[in-house]
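Take a look at the structure below.
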Amino acid sequence: MIREIVVYPDKRLKLVSKEIKEFDEKLHTLLDDMYETMIAKNGIGLAAIQIGIDLQALIINLVREDEEKQFKEDLIEVINPKILEMDGETTYQEGCLSVPEYYDDVKRAEHIKVSFFDREGKEHIKEYDGLMAIAFQHETDHLNGHLFIEKLSFLKRKKFEKEWKKKLKKK
Ligand code: Y12
Ligand code: CO
């Protein structure tokens, strides 16, 4: 089922998501709904809180560089993630389905080592770099109640808030 996306400045986006304890049918339905919603909205990553569920679940499905489209076999489903190591620095122009039509440069670690569980409760330890490392950090920030716009400089954030208020008034 396609769910509604929670959009900034909705306060639910500030919630710290809870650890998932049961790897059951309800979790599988949540992950399936997240995937359907992300694809319907043209996203490449989504955290559960973006559909109003404050649980530590996120999904990432990057576009293949050579084929310029997403393949479900590349989908990663991430439960209760932990970032174990981060190093290097990279900048990427990020976007977020909860902050539609706004993109800006964000600095993040270039390389990360992470642990997480899959939908069956199996633990994985992985190392990521490139766009996957960026997406993983962006989505885990959601689980801690943070958005990429919080990483903008003071002046850029002020400009964003002014433009966002103007946009909301028009609606
Ligand atoms: C790198 C940086 C950030 C991420 C997090 C995942 N971000 C997204 O999936 C963003 C999706 C997005 C899609 C939009 O819709 C279209 O382009 C049609 C969009 O624009 C509008 O809403 C108009 C904004 C963001 C992963 C990797
Ligand atoms: Co986001």
Output for the stretch 102-121, where each listed residue is away from ligand 2 (no atom under 13 Å from the Cβ), without any contact (Cβ under 8 Å) to a residue 40 or more places away in the chain and either assigned to a loop (DSSP other than H, G, I, E, B) or of a type in the set (Ser, Thr, Tyr) (or both): ALA109, GLU110, SER115
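Confirm whether GLU85 is in a helix (DSSP H, G or I) and among the acidic types (Asp, Glu).
Working: in a helix (DSSP H, G or I): no; among the acidic types (Asp, Glu): yes.
No; evaluated as a whole, the condition is false for this residue.
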Qualifying positions in the stretch 75-123 - small (Gly, Ala, Ser), away from ligand 1 (no atom under 16 Å from the Cβ) and surrounded by 18 or more Cβ atoms within 10 Å (Cβ to Cβ): none
Only one of (1) more than 16 Å from the chain's Cα centre (by Cα); (2) surrounded by 15 or more Cβ atoms within 10 Å (Cβ to Cβ); (3) in a helix (DSSP H, G or I) fails for LEU155. Which number is that? (2)
Across the stretch 55-74, what is the number of residues that are in contact (Cβ under 8 Å) with a residue 40 or more places away in the chain, within 13 Å of ligand 1 (Cβ to nearest atom) and part of a loop (DSSP other than H, G, I, E, B)? 1
If I ask for residues that are of a type outside the set (Phe, Trp, Tyr), assigned to a strand (DSSP E or B) and under 17 Å from the mean Cα position of the chain (by Cα), which ones from the stretch 88-101 would you list? THR91, GLN93, GLU94
Restricting the stretch 13-54 to residues that are small (Gly, Ala, Ser) and assigned to a loop (DSSP other than H, G, I, E, B), which is nearest to the chain's Cα centre (by Cα)? GLY43
What do you reckon, is PHE136 within 24 Å of ASN61 (Cβ to Cβ) and either of a type in the set (Val, Ile, Thr) or in a helix (DSSP H, G or I) (or both)? yes
Please count how many residues of the stretch 135-166 are of a type in the set (Asp, Glu) and within 11 Å of ligand 1 (Cβ to nearest atom). 2
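Values quoted throughout were computed directly from the atomic coordinates according to the rules given, and no laboratory measurement underlies them. Keep in mind that this is a model prediction, so the values were computed, not measured. Glycine also receives a Cβ, built like all others from the backbone with ideal geometry; neighbour counts cover every protein chain displayed.
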